[in-house]
Each structure stands twice: as C-alpha cells, then as structure tokens.
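Nothing in this text is a laboratory measurement; each read-out follows from the coordinates by a stated rule. Keep in mind the model is a prediction, meaning the values are calculated, not measured. Reconstructed Cβ throughout: ideal geometry from the backbone, glycine too, with neighbour counts over all protein chains shown.
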Amino acid sequence: MAECRSEALLLRRIPYGDTSLICHFMTESHGRLALMVRGARRRISPFRAALAPLYRLQLRWRPGRTGMGILLEAVRGPAWLPEDRMLEGLELLAVAAGLYREGDPHGYAEVVMVLQRLATGSLPESLHAAVWHLLQLCGWVGNMDECWKCNAPVAQQRSMYWQAGSLVCHHCGRGREISVAFCARMRDVLHQQAVQMPRAEHALWKHMISSVLQQHHIRLAGGYQ
C-alpha cells in the first residue's frame with residue numbers, strides 16, 4: 001500500500017515485545033491512529049529521541065492491509081509548549097486521548113488550538129480553560145451564560161446549580177450551588193482575560209470537568225480523575 005505522511009502529535013506509547021512500541025498519534029490528515037514502531041526501544045533507534053509528546057512531529061508510515069500500520073520515519077520539530085507547561089500539557093493530552101477514539105478523523109486541529117491556549121495565561125486557570133474549551137468543541141458542555149436545559153440567562157438568576165455534568169437553573173434542577181459571580185469569572189478566563197480565581201473555585205471547576213468526563217464514561221488517572 002502507498003505510504004502516508006502527516007503532521008502529528010504523540011498521545012501515548014505502549015511497550016510491545018522486547019524492543020518495540022505501539023504509539024497512538026493525533027494526525028492532521030487521518031485523525032487518531034495507532035502505529036507499530038519496530039525497534040523503537042533499542043538504544044540506537046532513531047525513534048528514541050523523535051517520539052516525544054507535545055512536539056510537532058512529521059510522520060511517514062505504511063498502512064496495514066488489515067491491521068495496524070508501521071511507522072517508517074518520525075521527525076521532531078519544535079515544542080508546542082514552553083518547558084514549564086509540559087506537565088499541564090500532558091494532562092491535556094490525557095483528556096484528548098479519552099475524547100477522541102482511534103479512527104476518529106477529528107482531533108488534531110482541536111488539540112493544537114487548546115495547546116496554544118494553554119501556552120499563555122496563569123495556571124491553573126489556563127489549564128482548566130483549555131480542557132473546558134476542548135469539551136466545548138466536542139459539544140459536551142455549553143456556555144456559562146445560560147441554563148443548559150431551558151436557556152434561562154444566568155444573569156437573571158440568584159444562583160445556578162451543577163447537576164450530573166450540566167449547568168442548570170433552579171427551575172430545571174438542583175445540585176451543587178454555582179454562584180453567578182463564579183460563572184462570570186469562568187467566562188472571563190475562557191475569553192482569555194487575566195483573572196485570578198480563589199483556590200476553592202479552582203477545585204470546583206476541576207470537579208465540573210471531572211463530572212462531565214464521568215458522564216461520558218471516561219476514566220482518567222491524574223488530575224481530572
């Protein structure tokens with residue numbers, strides 16, 4: 001079969017046999033796919049330095065006739081994030097790996113977009129905002145201006161509620177109380193304004209993200225478990 005080429009991001013690496021890897025990539029032209037990388041764990045393998053997450057990669061591979069393709073070449077380009085944001089970038093990639101399944105043609109442009117958002121702004125606000133934006137792109141969360149069930153404006157409510165992964169007004173349900181002021185600060189952060197949120201609100205936003213992932217049966221290790 002004809003060889004394929006694409007720009008890509010590495011999502012995860014899985015040891016295979018004594019010397020090889022199975023690597024999951026998010027590619028610009030083919031979406032998410034898994035490729036066998038033969039001999040990648042050998043000391044002299046050219047793949048050892050190239051296959052790093054959070055770098056712009058140029059891949060060349062041979063598709064499998066019935067199964068997994070074989071990676072033939074990987075060239076590592078510049079990093080998507082500064083060194084001091086790499087840990088947060090790995091958390092973001094873990095979420096992306098749960099959102100986009102193998103064979104999904106989407107994902108590359110979306111992940112690149114949110115990585116660029118993560119590169120600026122203060123932490124942890126910029127990480128929560130990047131993950132939230134990725135969930136928005138998947139259609140899993142709405143905006144913070146209205147009830148997600150009846151579209152009642154948040155500004156007309158005394159408080160909102162977080163119920164089973166959704167923001168609702170008091171007419172549509174009850175749950176964990178969400179202040180209108182917190183909704184406004186979330187909107188400001190999502191619009192990339194410089195906002196410092198209290199620690200309690202960081203924990204609340206993280207809880208909201210985790211509950212959305214759980215509603216879609218995504219279980220993650222690490223920050224958003």
Problem set entry | Helix-only CD estimate at 222 nm, as mean residue ellipticity for the chain, using -39500 (n - 2.57) per DSSP H run (n ≥ 4) | -9500 deg cm²/dmol
For this session: For a footprinting-style exposure proxy, rank T19, T120 by other Cβ within 10 Å, fewest first.
Result: T120, T19
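Summing Lys, Arg as +1 and Asp, Glu as -1, what charge do residues with Cβ under 14 Å from the Cβ of C138 carry, C138 excluded?
Taking every other residue near C138 into account, the sum is 0.
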Exercise. Against the longest alpha carbon principal axis of the chain, how many degrees, from 0 to 90 and to the nearest 10, is the axis of helix 199-215 turned?
Worked result: 60 degrees
Exercise. Just going by the charge dipole of segment 83-225, with Lys and Arg at +1 and Asp and Glu at -1 on Cβ, which of Y161, L204, A184 is farthest out on the positive end?
Worked result: Y161
Exercise. Gap in Å between the Cα centre of segment 84-114 and the Cα centre of segment 1-44?
Worked result: 16 Å
Exercise. Which angle between 0 and 90 degrees, to the nearest 10, do you get for helix 180-190 versus the longest principal axis of the chain when only C-alpha atoms count?
Worked result: 30 degrees
Exercise. Picking from H171, H24, H133, which is most flexible by a Gaussian network model of the chain using Cα springs under 10 Å?
Worked result: H171
Problem set entry | Long-range HN-HN contacts of D104 with modeled amide H, under 5 Å | R32
Problem set entry | Degrees, to the nearest 10: 108-118 long Cα axis against longest axis of the chain | 60 degrees
Seminar exercise, completed: Rg from C-alpha atoms of the chain, normalised by the globular rule of thumb 2.2 N^0.38 Å, equals 1.15
For this session: For segment 1-79, just say rounded, prolate or oblate: build the C-alpha gyration tensor, square-root its eigenvalues into a ≥ b ≥ c, call rounded for a/c under 1.5, and beyond that prolate if a/b exceeds b/c, oblate if not.
Result: oblate
Problem set entry | Derived scalar couplings ³J(HN,Hα) [segment 158-175; Karplus, 6.51 cos²θ - 1.76 cosθ + 1.60; whole Hz; x for Gly, Pro] | 7, 7, 10, 9, 9, 9, 6, x, 9, 8, 10, 8, 5, 6, 9, x, 9, x
Problem set entry | Likely footprinting exposure, M197, M26, fewest C-beta neighbours within 10 Å first | M197, M26
